[in-house]
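Enquirer: Structure incoming, see below.
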Amino acid sequence: MSDYANIWLILFIVWGLPLGYYRSNFRKCVYQTDSWVINVKPFFLKEIKGLFGNIYPEDPLYIRKRNSYRFYLLVYFLLFFLYSYFN
């Protein structure tokens, strides 16, 4: 494995660690629950609508969590794009 492959692997692992935290917080806000069960249930449609739309425009907590989750996913997308471009 080359040095560049090791760097990419480390970047993906480090950036991927908080994924569960961000997704859990976002899903709890979208489905309006504090139950941990929401993390294992495969509900996706409302989550996708909440990520790309604005299902609770009056809720500043939802908007803040949505925007931070969007930023997190955008950086993840950029990492994958850069990895595929340079390899």
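The values are calculated or read from the model by the stated rules, or taken from the named source; none is laboratory data. All of these numbers come straight from a predicted model, not from anything done at the bench. Positions of Cβ are generated from backbone atoms using ideal geometry, with glycine treated the same way; all protein chains shown enter the neighbour counts.
Enquirer: Please go through segment 39-74 and pick out each residue that is surrounded by 14 or more Cβ atoms within 10 Å (Cβ to Cβ) and aromatic (Phe, Trp, Tyr).
Expert: Tyr56, Tyr62, Tyr69, Tyr72
Enquirer: Is it the case, given these coordinates, that Lys65 is touching a residue at least 40 places away in the same chain (Cβ under 8 Å), more than 30 Å from Tyr4 (Cβ to Cβ) and out of contact with any Ser or Thr (no Cβ under 9 Å at 6 or more places or on another chain)?
Expert: Considered against the rule, which asks whether it is touching a residue at least 40 places away in the same chain (Cβ under 8 Å), more than 30 Å from Tyr4 (Cβ to Cβ) and out of contact with any Ser or Thr (no Cβ under 9 Å at 6 or more places or on another chain), Lys65 comes out as yes.
Enquirer: Restricting to segment 14-38, name every residue that is of a type in the set (A, V, I, L, M, F, W, C), surrounded by 11 or more Cβ atoms within 10 Å (Cβ to Cβ) and farther than 11 Å from Tyr69 by Cβ.
Expert: Trp15, Ile38
Enquirer: Taking the condition of being assigned to a helix (DSSP H, G or I) and either in contact with a Ser or Thr (Cβ under 8 Å, 6 or more places away or on another chain) or not hydrophobic (A, V, I, L, M, F, W, C) (or both), how many residues in segment 41-61 meet it?
Expert: 5
Enquirer: Could I ask something else about it? When the residues of segment 22-40 are narrowed to those that are at pLDDT below 90 and in a helix (DSSP H, G or I), which ends up nearest to Leu82 (Cα to Cα)?
Expert: Only one residue tops the list, namely Asn39.
Enquirer: Regarding Asp3, is this residue at pLDDT 90 or above and loosely packed, with under 11 Cβ neighbours inside 10 Å?
Expert: No, not satisfied.
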